[in-house]
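Peer 1: Handing you a structure now.
The values are calculated or read from the model by the stated rules, or taken from the named source; none is laboratory data. Everything numeric in this text was worked out from a predicted model, so none of it was measured. Here the Cβ is made from the backbone with ideal geometry for all residues, glycine too, and neighbour counts use every protein chain on show.
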Amino acid sequence: MSAITSFLDHYWPHLVFLTSIIVGAVAAAHAAMNKNDVRAAIAWVGVILASPLLGPLLYLIAGINRVRRDQLSSHRSRLIKDYVHSAGEPVPDVSPMAGAQFASLRILGDQISRFPLHNGNHITLLDSGDAAYPAMLEAIASARHCIALQTYIFDHDRIGLQFAEALHQAQERGVMLRILIDSVGSKYSRPPIIHLLRRYGIRAELFMTNPMGLRMAYANLRSHRKVLFIDGHLGFMGGMNIRETFMVSLAGRKANTDTHFRIEGPLATQLFAAFANDWEFTTRERLRIEDWCKTTPQAPLPHVPARCIRTGPDRFIAATHNVLLGALAVAQRRVRIQSPYFLPDQTLMGALNTAARRGIQVDIVIPGRNNLRLVNYAMTAQLAQIIQGGCRVWRSRAAFDHSKLCTVDGGWSYVGSSNLDPRSLRLNFELDMEVYDQALAAQIEQRIDHEIVRSDAVTLQSLQAMPYLKRLRNRIIWLASPYL
């Protein structure tokens, strides 16, 4: 024993050095072999080589895609087809509902999404929590058969407790329940509400539980999807978490705003298919279509063609990115975008600027006051590139708006949970929908235009007028934008 101790005392610096070289080489090789984005691969290899001990630790925590390989197996694709193969009416041509230019975009969607474009959907826009939460609670209270709820944040606050109590009452009525909350988002309030749900006897689980038990909000793959599915035919989706800060009646003048959507028709079944896929990934329990979608009454008129688009760090990693590139390519008149976190990569930024240079009016609305300070700094540092390309950027003077909205030519809309930042486009599991309908696009455009009226135009002059130290700070933070 003394010989071993003597050996370690004498050679420990050499052993540490040798271990760091081996660990660093293994981590660097893993990053080079598994990162498909060359920028991400170069960045991680650089971090690992610069610090062969700390770098591999950071890569272990934040750099490895821990989505199990069976997420990509063929039976997952069959699972989705089981839920959607017979639901809804096929759409032969989207031109009458949206415009002739969208025919090729529909073909792109067919290639990108596992979900077919179906007619027979009735979609209602719900403006912020004061409209969305009562509608969702009413739907839960009227549920008679099943409820599936997935969300990123489910706060233990006044509105969260109302949802928990409504779910508890549904459980007491014999309604079948499954609740899926992201493991990072569940920690945004204390105590996490999942403990209360489980005390009620509700089957509630956490998505992508962190084995280290830490919050690490920016070092984890996570589900950013928001889905509520009820009784086989009714659904809600959009950008809204469950938080009282989105209700004027509870938060008062400090309330934030957001947009959610109530859905009746085959699109609701697609919402459930996405939920069921995540639930099986998390729990290994397969939810059968026969048990959850027994009733499919016809949705009220008017009907619109729509489909879900899933994206995440799996086979769907570039889905939203590719859909948006396609939409910008077919635009003929105008593009309106509203996003709380606007950090497009160079490819998407190039598409926006190209659209503007073709004479398309491109309006982008971002918050004047952001809830994520570092993201706001990075956004500001990048705005000059967008404005130089001919896009118009507006900073809202109103309350922080968490909406993720996009319309093209007043005929096509893309809404849901995805932000236009690297995390949403590459790391998060997101759920959006594309809708070919002029009426819904007009509603969304009206909402964005109302925000523009309450906004200040961002110009190259206003950006240049910022103090040098603030501009330098913004650019330094911008360098880390892929990790924000």
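Peer 1: Which condition number does GLY238 fail, the rest of (1) modelled with pLDDT of 95 or more; (2) more than 26 Å from ALA399 (Cβ to Cβ); (3) touching a strand residue (DSSP E or B) at 6+ places or on another chain (Cβ under 8 Å) being met?
Peer 2: GLY238 satisfies all of (1) modelled with pLDDT of 95 or more; (2) more than 26 Å from ALA399 (Cβ to Cβ); (3) touching a strand residue (DSSP E or B) at 6+ places or on another chain (Cβ under 8 Å) except (2).
Peer 1: Could you please give the count of residues in region 411-449 that are in contact with a Lys or Arg (Cβ under 7 Å, 6 or more places away or on another chain) and farther than 21 Å from ALA274 by Cα?
Peer 2: 2
Peer 1: Report yes if GLY63 is small (Gly, Ala, Ser), modelled with pLDDT under 70 and surrounded by 12 or more Cβ atoms within 10 Å (Cβ to Cβ), otherwise no.
Peer 2: Details: small (Gly, Ala, Ser): yes; modelled with pLDDT under 70: yes; surrounded by 12 or more Cβ atoms within 10 Å (Cβ to Cβ): yes.
Judged against the criteria, GLY63 is a match.
Peer 1: Take the conditions of a type in the set (Val, Ile, Thr) and farther than 23 Å from GLN438 by Cβ and apply them to THR320. Does it pass? Outline the logic, then answer.
Peer 2: Details: of a type in the set (Val, Ile, Thr): yes; farther than 23 Å from GLN438 by Cβ: no.
Spelling it out, it is not the case that THR320 is of a type in the set (Val, Ile, Thr) and farther than 23 Å from GLN438 by Cβ.
Peer 1: Of the residues ARG198, ARG106, ARG178, ARG144, which single one is in a loop (DSSP other than H, G, I, E, B) and either touching a Leu at 6+ places or on another chain (Cβ under 8 Å) or among the charged types (D, E, K, R) (or both)? If you could, list the steps in order and put the result at the bottom.
Peer 2: On the way: ARG198 fails: in a loop (DSSP other than H, G, I, E, B); ARG106 fails: in a loop (DSSP other than H, G, I, E, B); ARG178 fails: in a loop (DSSP other than H, G, I, E, B).
Only one candidate passes the filter, namely ARG144.
Peer 1: So, restricting to helices (runs of 4 or more DSSP H) that lie completely within region 308-404, which ones have at least 3 residues that are surrounded by 19 or more Cβ atoms within 10 Å (Cβ to Cβ) and under 17 Å from the mean Cα position of the chain (by Cα)? Break it down into steps so the answer makes sense when it comes.
Peer 2: Values: elements: 319-330, 346-357, 373-388.
By residue number, 319-330.
Peer 1: Any idea how many residues of region 432-484 are in a loop (DSSP other than H, G, I, E, B) and within 29 Å of GLY238 (Cβ to Cβ)? If you could, list the steps in order and put the result at the bottom.
Peer 2: So in region 432-484, the residues in a loop (DSSP other than H, G, I, E, B) come out as 437, 454, 459, 465-467, 480, 484.
Add one more test, that the residue is within 29 Å of GLY238 (Cβ to Cβ), and what stays is 437, 454, 480, 484.
Final tally of qualifying residues: 4.
Peer 1: Can you work out which of the residues in region 2-54 that are over 26 Å from ARG315 (Cβ atoms) and of a type in the set (Phe, Trp, Tyr) is modelled with the lowest pLDDT?
Peer 2: Among them, the one singled out is PHE7.
Residues are listed down the side, and each one gets a yes or a no for (1) under 28 Å from ASP401 (Cβ atoms); (2) among the basic types (Lys, Arg); (3) in a helix (DSSP H, G or I):
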site: PHE261; (1), (2), (3): yes, no, no
site: GLN270; (1), (2), (3): yes, no, yes
site: ALA274; (1), (2), (3): yes, no, yes
site: ASN277; (1), (2), (3): no, no, yes
site: GLU280; (1), (2), (3): no, no, yes
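Peer 1: Pick from ARG76, ARG114, ARG69: which is of a type in the set (Lys, Arg) and modelled with pLDDT of 55 or more? So that I can check it myself, show each step before the final result.
Peer 2: Numbers: ARG76 fails: modelled with pLDDT of 55 or more; ARG69 fails: modelled with pLDDT of 55 or more.
None of the other options fit; the residue is ARG114.
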